Amino acid sequence: MIRTVLFAAALLATPLSAQEESPSASQPALGGPTETGTAPDTLIVATREAPPFAFRGADGEWTGIALEMWAALADELDLSYRLEEASLDDMIAGTADGRYGAAVAALSITPAREERVDFTFPFYSTGLGIAVDPGADGGWLRVVRNFFTWQFLAVLAGLSAVLLAAGAAVWFFERRGNPDEFPRAPVKGLGDGFWWAAVTMTTVGYGDKSPRTLGGRIVGLVWMFTAMIIVASFTAAIAASLTVGQLGGRVAGLSDLDSVRVGAVADSSGLDDLAERRIDAAGYDSVAAGLDALEAGRIDAFVHDRPLLLFTAREAREGRVRVLEDTLGRQDYGIALPEGSDLRERLNRALLAYVRSPNWGALTRRYLGAADDG
């Protein structure tokens with residue numbers, strides 16, 4: 001009993017201030033901001049050189065159609081981000097494994113890539129272009145080569161068959177009434193008939209062979225008018241071939257790619273498209289490397305996204321690279337995101353609104369001019 005009374009008295013004697021001491025170090029301070037969470041997370045965005053959609057400007061800062069669009073979308077969604085340069089393959093791999101929160105450039109949406117990452121809606125649609133060296137194999141070298149193509153040989157064979165038919169017709173009528181000029185022996189007679197048809201068509205007319213019978217003269221009259229049409233057509237075809245040979249190179253379009261040396265960017269959709277068409281192509285690390293190989297004569301054509309080729313040819317290689325009119329396939333550019341990213345729906349809504357705004361038209365015209373195929 002005495003011990004209990006003494007313990008209670010000691011408690012009452014304890015100063016009130018001792019109970020109001022500051023909390024222990026393990027107790028969090030109330031009302032103050034924590035070190036983490038004071039600022040939103042910074043999104044790491046992968047990009048790569050792909051002018052005019054993504055490239056470093058004269059000041060060393062990243063710019064381009066895709067990156068300016070991304071900046072507008074990020075501002076709309078209040079996203080903090082940091083750009084990081086990566087290779088094409090690493091853009092997809094890094095986005096797939098979560099190292100990058102997004103990948104923005106001229107990034108084509110393909111089935112293989114869609115299996116690894118998610119894409120937003122496409123913001124630009126185009127196709128593959130073919131770049132050639134405008135001075136390669138032009139002029140008379142090209143013309144001479146045309147005489148040894150199978151197309152020219154096929155035309156020559158067809159013309160020979162028509163000459164033989166005309167010669168056989170006149171020989172049929174002349175072999176009896178005019179055996180001196182058109183012998184009855186088939187081999188010699190047909191040979192003389194072929195000769196007569198050739199000199200008549202070319203209006204040389206040596207006079208050493210001429211039809212004497214009524215049937216032979218009717219054949220000769222019909223052949224003269226027919227030959228005028230044939231000569232006119234053949235002359236026009238040769239003139240067109242000479243013109244193309246002087247203005248163009250070995251590659252005039254898509255149909256020529258399977259017979260020349262072709263290049264494309266490694267791991268790109270362009271290389272995949274060529275493989276599907278069974279066209280062998282060498283892979284290069286970048287567009288610049290591929291165009292360097294084209295100018296050096298190591299390849300005859302370089303295939304890549306058409307707007308990128310047009311921009312590069314105009315801005316950096318004017319007169320040294322020509323982009324053909326032919327377009328291969330279709331390329332849709334989108335923003336790559338990790339699978340299941342909660343940004344996808346928000347980006348899609350903002351993206352659809354942006355590409356339908358006047359800002360998008362002004363942006364593409366500034367980089368691509370009026371010929372915007374997006």
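The values are calculated or read from the model by the stated rules, or taken from the named source; none is laboratory data. Note that the structure is a prediction, hence the values are computed from the model and not measured. Note that we place each Cβ from the backbone using ideal geometry, even for glycine, and neighbour counts take in every protein chain shown.
Here the condition is being on the phi > 0 side of the Ramachandran plot and either assigned to a strand (DSSP E or B) or under 25 Å from the mean Cα position of the chain (by Cα) (or both); of GLY329, GLY361, it holds for GLY329 alone. When the stretch 185-197 is filtered for residues that are surrounded by 17 or more Cβ atoms within 10 Å (Cβ to Cβ) and of a type in the set (A, V, I, L, M, F, W, C), the ones remaining, listed by number, are LEU190, PHE194, TRP196, ALA197.
Please tell me if GLY205 is modelled with pLDDT under 75, out of contact with any Cys (no Cβ under 7 Å at 6 or more places or on another chain), part of a loop (DSSP other than H, G, I, E, B) and closer than 30 Å to PHE302 by Cα. The answer is no for GLY205. Here is the figure for the stretch 308-322: residues that are crowded, with 21+ Cβ neighbours inside 10 Å and farther than 23 Å from ALA102 by Cα total 3.
Would you confirm whether any residue within the stretch 298-307 is closer than 25 Å to ASP272 by Cβ and surrounded by fewer than 19 Cβ atoms within 10 Å (Cβ to Cβ)?
Yes, the stretch 298-307 contains a residue that is closer than 25 Å to ASP272 by Cβ and surrounded by fewer than 19 Cβ atoms within 10 Å (Cβ to Cβ).
Taken as a whole, the structure leaves GLY263 outside the set of residues that are surrounded by fewer than 16 Cβ atoms within 10 Å (Cβ to Cβ), without any contact (Cβ under 8 Å) to a residue 60 or more places away in the chain and not in a loop (DSSP other than H, G, I, E, B).
Within the stretch 74-90, the set of residues being more than 9 Å from THR47 (Cα to Cα), small (Gly, Ala, Ser) and either assigned to a helix (DSSP H, G or I) or in contact with a Lys or Arg (Cβ under 7 Å, 6 or more places away or on another chain) (or both) comprises just one member, ALA74. Of the residues ALA106, ALA71, ALA93, ALA10, the single one that is assigned to a helix (DSSP H, G or I) and either modelled with pLDDT under 95 or over 27 Å from ARG330 (Cα atoms) (or both) is ALA10. The residues of the stretch 128-161 that are within 30 Å of THR213 (Cβ to Cβ) and at pLDDT 90 or above amount to a single one, ALA161.
In the list ARG320, ARG314, which residue meets the criterion of being outside any loop (DSSP other than H, G, I, E, B), assigned by TED's automatic domain parsing to the domain that holds ALA288, on the phi < 0 side of the Ramachandran plot and at pLDDT below 90? I'd like the intermediate steps shown before the answer.
On the way: ARG320 fails: outside any loop (DSSP other than H, G, I, E, B).
The conditions single out ARG314.
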